[in-house]
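What follows is a single structure, written as structure tokens, with notes after it.
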């Protein structure tokens, strides 16, 4: 239901890794990589448990996706639109404990703009919120809002400054930022298409503009890749890819040994989560054991699920 934009991308490099067992071949760019299935070999853990629905609103009249939680997992942000409406907005809910039900969600009015706001990425401390918006009327761009303490209203969001993201013909969406705000992944496609590719940007100080935009060509397929979710201090990433079946979107994962190496190994298919419909917009806890994602049948609304490993 969403896409992502970047602009004129300077360099095209890679990014990412893992160690896996292969069972079938998938063409990635001009090379052929082995696509893993089954367990998450990169983490040495078994697959995720069977997913269950996350109840955030009291009825089924909405289209929901793109969730993100704070580190304590007591606050959640997500994209929501009433069925039949084109515009998404950022919504929010809290709960009193990990075992408690989510309170009825409400729209985050102070950051709502004209058009659609999607793909929220809230920091672990709950004080920084990245998201994608087409409020400027030139495709989706990345925005950020901040606040001083949890419970406060968010300040007016500002455009994320990224060197190289200047084209008005591309959509940039799905930001996922590491806990130090020094490394970010996102995806981009020409406006009006779903030909998404994964990209990264970095910086040396959280107060300066993002730079070093690179295509993650080591893990991008030759079909479509979107919705990245960083975790494990940027050593691992789960995203949505159309490479496994060239029809619906599936969740895949890869890891790398340290931040200075490139994501490049064959992705692991998360088959305990994937179905014949699309699984998209993952969020993953930093320890890699908890995942939220949206399941979307063709033409149907998105529903958020969660699972553990």
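What number of residues within region 211-228 satisfy the criterion of being in contact (Cβ under 8 Å) with a residue 40 or more places away in the chain and buried (at least 24 other Cβ atoms within 10 Å of the Cβ)? Break it down into steps so the answer makes sense when it comes.
As a first pass, look at region 211-228 and keep what is in contact (Cβ under 8 Å) with a residue 40 or more places away in the chain: 211-222, 226-228.
Add one more test, that the residue is buried (at least 24 other Cβ atoms within 10 Å of the Cβ), and what stays is 213, 216, 219-220, 226-228.
The total comes to 7.
Enumerate the strands (runs of 3 or more DSSP E) found wholly within region 1-114, keeping only those where 1 or more residues are at pLDDT 85 or above. Working first, answer last.
Values: elements: 22-28, 31-36, 62-69, 75-82, 89-94.
Correct list: 62-69, 75-82, 89-94.
Considering only residues that are surrounded by fewer than 21 Cβ atoms within 10 Å (Cβ to Cβ) and closer than 22 Å to residue 118 by Cβ, look in region 264-289 and name the one that is farthest from the chain's Cα centre (by Cα).
Filtering region 264-289 for residues that are surrounded by fewer than 21 Cβ atoms within 10 Å (Cβ to Cβ) and closer than 22 Å to residue 118 by Cβ, the one farthest from the chain's Cα centre (by Cα) comes out as 277.
Is there a residue being part of a strand (DSSP E or B) and within 23 Å of residue 130 (Cβ to Cβ) anywhere in region 268-276?
Filtering region 268-276 for residues part of a strand (DSSP E or B) gives 268-269.
Adding the requirement that they be within 23 Å of residue 130 (Cβ to Cβ) leaves none.
Within region 268-276 (the criterion being part of a strand (DSSP E or B) and within 23 Å of residue 130 (Cβ to Cβ)), the answer is no, since none of the residues qualifies.
Please count how many residues of region 131-175 are touching a strand residue (DSSP E or B) at 6+ places or on another chain (Cβ under 8 Å), within 16 Å of residue 200 (Cα to Cα) and touching a residue at least 60 places away in the same chain (Cβ under 8 Å).
11
Restricting to region 116-126, name every residue that is on the phi > 0 side of the Ramachandran plot and either assigned to a strand (DSSP E or B) or more than 20 Å from the chain's Cα centre (by Cα) (or both). Walk me through it before giving the result.
Step one: filter region 116-126 for residues on the phi > 0 side of the Ramachandran plot, giving 119, 126.
The one that is on the phi > 0 side of the Ramachandran plot and either assigned to a strand (DSSP E or B) or more than 20 Å from the chain's Cα centre (by Cα) (or both): 119.
Would you check if there is a residue in region 148-158 being assigned to a loop (DSSP other than H, G, I, E, B), modelled with pLDDT under 95 and closer than 26 Å to residue 237 by Cβ?
No, region 148-158 contains no residue that is assigned to a loop (DSSP other than H, G, I, E, B), modelled with pLDDT under 95 and closer than 26 Å to residue 237 by Cβ.
Pick from region 244-255 the residues that are under 12 Å from residue 274 (Cβ atoms) and either touching a residue at least 60 places away in the same chain (Cβ under 8 Å) or in contact with a helix residue (DSSP H, G or I) (Cβ under 7 Å, 6 or more places away or on another chain) (or both): which of them is surrounded by the fewest Cβ atoms within 10 Å (Cβ to Cβ)?
At the first step, the residues of region 244-255 found to be under 12 Å from residue 274 (Cβ atoms) are 244-245, 247-253.
Filter once more, so that each one left must be either touching a residue at least 60 places away in the same chain (Cβ under 8 Å) or in contact with a helix residue (DSSP H, G or I) (Cβ under 7 Å, 6 or more places away or on another chain) (or both): 244, 252-253.
Numbers: 244: 21, 252: 28, 253: 27.
Restricting to residues being under 12 Å from residue 274 (Cβ atoms) and either touching a residue at least 60 places away in the same chain (Cβ under 8 Å) or in contact with a helix residue (DSSP H, G or I) (Cβ under 7 Å, 6 or more places away or on another chain) (or both), the top hit is 244.
What single numbered condition from (1) within 16 Å of residue 264 (Cα to Cα); (2) surrounded by 23 or more Cβ atoms within 10 Å (Cβ to Cβ); (3) in contact (Cβ under 8 Å) with a residue 60 or more places away in the chain fails to hold for residue 239?
(3)
When only residues in region 85-112 that are in contact with a strand residue (DSSP E or B) (Cβ under 6 Å, 6 or more places away or on another chain) and in contact (Cβ under 8 Å) with a residue 40 or more places away in the chain count, which is nearest to residue 58 (Cα to Cα)?
Selected residue: 105.
Return the residues of region 159-183 that are surrounded by 18 or more Cβ atoms within 10 Å (Cβ to Cβ) and either under 20 Å from residue 111 (Cα atoms) or at pLDDT 95 or above (or both); say none if nothing qualifies.
Here is the first cut: in region 159-183, the ones surrounded by 18 or more Cβ atoms within 10 Å (Cβ to Cβ) are 160, 162, 164-165, 167, 170-178, 183.
Correct list: 160, 171, 172, 173, 174, 175, 176, 177, 178, 183.
The values are calculated or read from the model by the stated rules, or taken from the named source; none is laboratory data. These numbers come from a predicted model, not from an experiment. Here Cβ is always computed from backbone atoms with ideal geometry, including for glycine, and neighbour counts include all displayed protein chains.
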